[in-house]
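Here is the structure we will look at, set down as structure tokens.
The values are calculated or read from the model by the stated rules, or taken from the named source; none is laboratory data. Here the structure is a predicted model, which means the values were calculated and not measured. Note that we place each Cβ from the backbone using ideal geometry, even for glycine, and neighbour counts take in every protein chain shown. Quick note on the areas: whole protein, heavy atoms, side chains included, nothing else; ligands and nucleic acids left out. Shrake-Rupley method; radii C 1.70, N 1.55, O 1.52, S 1.80 Å.
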Amino acid sequence: MSLLLRWIHVLAAVTWIGGMLFIALVLVPVTRRLEDPALRTRLVHEAGVRFRTVGWIALGFLVLTGLGNLWLFPAFLWSPRFHAKLGLVLVALTLAVIHDFVLGPRAGRPGADPALRVRASWVARVNVLVVLAVVALGLALRG
């Protein structure tokens, strides 16, 4: 049971983080080379909407398996690293909600203010850094 929970937890983390990194490091740079700004906006928006579904499913699995891991390893509750990880998880979830349900949909509308797209992009970038710190703290819990 412990191995299965950890495996699902890692798989969900890879799905969420991998998707965020793909969008930031592959999709957005490729679309910047497109001459048609409407096509560029539509492509990023459509990919973002699709990933939002996948990402939130992965986040659901992360939360459930994280709770399961706490049930199996309650000593983590007293670890300062766990407290830091939990705090950053809450920050990441907040940033994801802001990006996915507030800024992202507004930035993806036709004729949206370019400044709104910039804000959404920065929220996503900061969230990637926060999530990478969560991964580092999670690995630090094991050793």
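A few points about this structure:
- Single unsatisfied condition, ALA115 versus (1) of a type in the set (Gly, Ala, Ser); (2) in a helix (DSSP H, G or I); (3) surrounded by 14 or more Cβ atoms within 10 Å (Cβ to Cβ): (3)
- Number of positions in the range 15-36 that are without any contact (Cβ under 8 Å) to a residue 24 or more places away in the chain and within 10 Å of the chain's Cα centre (by Cα): 1
- Restricting the search to helices (runs of 4 or more DSSP H) fully inside the range 14-111 and requiring at least 2 residues that are in contact with a Phe, Trp or Tyr (Cβ under 6 Å, 6 or more places away or on another chain) and open to solvent by less than 40 Å² (accessible area, probe 1.4 Å) gives 37-72.
The rows are residues; the columns are (1) in contact with a Pro (Cβ under 7 Å, 6 or more places away or on another chain); (2) farther than 17 Å from ALA136 by Cα; (3) of a type in the set (S, T, N, Q).
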position	(1), (2), (3)
MET1	no, yes, no
THR31	no, yes, yes
ARG50	no, yes, no
THR65	no, yes, yes
ALA92	no, no, no
GLY108	no, yes, no
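- Residues of the range 107-122 satisfying the condition of being basic (Lys, Arg) and under 13 Å from VAL44 (Cα atoms): ARG109, ARG117
- Residues of the range 122-143 that are in contact (Cβ under 8 Å) with a residue 12 or more places away in the chain, open to solvent by 40 Å² or more (accessible area, probe 1.4 Å) and farther than 26 Å from LEU77 by Cα: ARG125, VAL126.
Listed here are the residues, each with its yes/no results for (1) closer than 19 Å to ILE8 by Cβ; (2) under 20 Å from the mean Cα position of the chain (by Cα); (3) of a type in the set (Phe, Trp, Tyr).
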residue	(1), (2), (3)
LEU62	yes, yes, no
PHE76	yes, no, yes
LEU93	yes, yes, no
VAL97	no, yes, no
ASP113	no, no, no
